[in-house]
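What follows is calculated from the coordinates using simple rules that are stated; it is not laboratory data. Keep in mind that what you see is a predicted model, and the values were worked out from it rather than measured. In this analysis, Cβ positions are derived from the backbone assuming ideal geometry, glycine residues included, and neighbour counts consider all displayed protein chains.
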DNA sequence: GTCTATATTCTGATAGAC
DNA sequence: GTCTATCAGAATATAGAC
């Protein structure tokens, strides 16, 4: 999927990759949808693990540096695997809807992110929405126009500073 | 395509929509790829037309209001047709590459956009990149999480103000 | 210019032998 | 748990009648 996109992988291709016939995969998953669902869940579990690698700064004055680090973790997580990014954040498999089980992991990941942004003073819904829009925008521009490069990745720090300035300037 | 996504439309479906058998379409286009290419080109022509609906403010002091209007035009153009948005700005048809002819229209559209942003003081490449990333981020969040709604659309004005502030504060 | 008929290849999925 | 054999239907595309 990483090379050819989300929808490009057939059961036959997948079977060949893991050294099996396609039919044998049905001993592990009842349908292709179930495989997508497992990938969705696993992706969000990986996301939770990635978020937790941010060293939490004890000093509040370091909030800005920590915010940049949080943004970098998110950006690198997304650009490291564009198929995973599409699956988790762009809902781009036609007809795919995660199971309640898998969706619960996604909700947990969102709440973990919100909790982290709150530490940087980003609490209001509109500020959260502007943060996520900016971050996903940087990621998708990077993936679409400079895959493997750093053109938008280098804009992360100015973007975070800009967002924090905006949040501070625009209180409740 | 608007209802089911870019990759979902087959030649059979398309033929049925226009009251033909799929095979008859080959009298008009030599392949499905050629149809995608025509749509790509037409989409960028529509984009050029949309950009030109922005009333150009004579007074430079109105740059901010005009910038907001430019952003709104872009946002509304994208969210009005998510399939077109994917085709033009997310290159999401696997294996599709526009012909040189169609690509030239896309380049013209990009240059028109850059020319407009220059009027608002956005000239440096990094400032342009941050603008486009923020705008496409707002659009894709709107499409993915609140289709048909206004949750991210209402963030356009604060986002433009934030971007212009950042640009002014960060000169060459 | 549109049709029928068809070629070819691919898809997800099932049945049943071993 | 993996295989062969197979199904039923989808896909893009071509040939040729009218």
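Things worth noting here:
- In segment B:42-49, the condition of being away from chain A (no Cβ under 14 Å), without any contact (Cβ under 8 Å) to a residue 24 or more places away in the chain and away from DNA strand C (no atom under 16 Å from the Cβ) is met by at least one residue.
- Candidates B:32, B:21: the one that is more than 21 Å from residue B:117 (Cα to Cα), surrounded by 15 or more Cβ atoms within 10 Å (Cβ to Cβ) and within 16 Å of DNA strand C (Cβ to nearest atom) is B:32.
- If you go through segment B:1-18 and keep only what is away from DNA strand C (no atom under 11 Å from the Cβ) and assigned to a loop (DSSP other than H, G, I, E, B), you end up with B:1, B:2, B:3, B:4, B:5, B:9, B:10.
- All helices (runs of 4 or more DSSP H) inside segment A:53-172 with 3 or more residues being surrounded by 14 or more Cβ atoms within 10 Å (Cβ to Cβ) and away from every other protein chain (no Cβ under 12 Å): A:63-79, A:100-118
- Against the criterion of being within 8 Å of DNA strand D (Cβ to nearest atom) and assigned to a helix (DSSP H, G or I), residue B:41 does not qualify.
- Checking B:87, B:14, B:48, B:9 one by one, the residue that is within 12 Å of DNA strand D (Cβ to nearest atom) and in contact with a helix residue (DSSP H, G or I) (Cβ under 7 Å, 6 or more places away or on another chain) is B:14 and no other.
- Among the residues of segment B:26-48, the ones that are closer than 30 Å to residue A:96 by Cα and more than 26 Å from the chain's Cα centre (by Cα) come to 0 in all.
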